[in-house]
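Values quoted throughout were computed directly from the atomic coordinates according to the rules given, and no laboratory measurement underlies them. Predicted model only: the values in this text are computed from it and were never measured. Note: ideal-geometry Cβ built from the backbone for every residue, glycine included; neighbour counts use all protein chains shown.
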Amino acid sequence: MKTVLITGTSSGIGRAAVLKFQKEGWNVIATMRSPEKETAFNVLDNVLIVALDVQKIQTIENAIQTGIERFGQIDAIVNNAGHAVFGAFELTSEEQVSKIFDINVYGPMRVLRVILPYFRAQRSGVIINISSQGGRVTFPTCSIYHATKFALEGLTEALAYELIPFGIQTKIVEPGSTATGFVGAAEITTGQIPAYEEFIKIGLGNWAKYDTMTSLPEEIADVIFLASTDKSEKLRYQAGKDTELYVGKMQEGDDQAYVRYMRERFIPEYLAK
């Protein structure tokens with residue numbers, strides 16, 4: 001029986017992924033910052049709930065060691081824990097920038113530093129890094145979030161080369177808009193510059209207007225499971241009709257045509273007529 005460790009499983013996509021892997025017969029190490037609050041996973045066979053905060057290396061080391069002691073080995077890691085900050089870049093505080101990079105970029109890096117020696121020793125392992133459609137395309141008022149997801153995708157793509165000699169596969173899953181509490185839990189930039197007020201209102205308004213292709217977290221979990229088990233060399237997995245739409249537009253071949261399409265969709269009020 002194979003074993004997966006998943007970060008950020010207290011809600012949303014991470015929670016759905018636990019249920020998907022458990023249903024498919026895997027052992028699951030379900031990690032979260034506050035495991036004492038979890039009740040539903042306690043009654044599931046082959047699910048181990050462990051404390052893990054991606055900002056604290058000791059919790060990562062403990063979770064991985066505890067999981068190995070319980071199940072004998074780990075076959076896959078899903079770096080799912082994430083954070084969002086929305087608003088114009090100039091309005092973002094240094095603290096907000098540091099926090100989102102620490103969770104979205106340095107957090108997965110910490111997990112990888114701990115698990116990679118183990119994966120290299122067993123000459124196998126699958127790493128699934130949960131990015132976003134925002135790791136390939138961008139939207140108004142999401143600049144810092146995009147910066148972290150673009151960084152995660154660059155890291156993951158390069159690792160896919162580096163880890164081939166050790167039999168380790170590296171995958172990226174790019175969810176689109178999903179029916180979770182993630183957006184509602186996002187931080188809003190703290191700066192106050194009146195000149196941005198109209199732009200933010202227009203940008204967010206148009207984004208909401210076109211945000212009509214929301215996926216269920218269970219649908220994203222299905223894609224994560226596929227990426228973990230298909231044994232292919234495929235690197236990126238789009239999850240959600242909106243991700244497929246925007247990435248498809250980007251890949252049609254004309255970069256400036258794609259840029260124009262996105263600008264006309266989300267900030268047409270600011271374009272030259």
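Descriptive notes on the structure:
- Neighbour-count order for ILE220, ILE100, fewest beta carbons within 10 angstrom listed first: ILE100, ILE220
- For segment 16-116, the list of trypsin sites (Lys or Arg not before Pro) that fall in a loop by DSSP and count at most 14 other C-beta atoms within 10 angstrom reads LYS56.
- Length gained when the stretch GLU94-ALA208 is fully extended (0.36 nm per residue, less Cα-Cα span): 38.3 nm
- Axial C-alpha extent at least 27 Å, average Kyte-Doolittle at least 0.0 - helices from the chain (DSSP): 143-162
- When the pairs LYS37/LYS231; LYS20/LYS149; LYS20/LYS231; LYS37/LYS99; LYS99/LYS231 are compared against a 28 Å limit on Cα-Cα distance, LYS37/LYS231; LYS99/LYS231 fall above it.
- Each Lys or Arg adds one and each Asp or Glu subtracts one; over the other residues with Cβ under 15 Å from the Cβ of LEU19, this totals -3.
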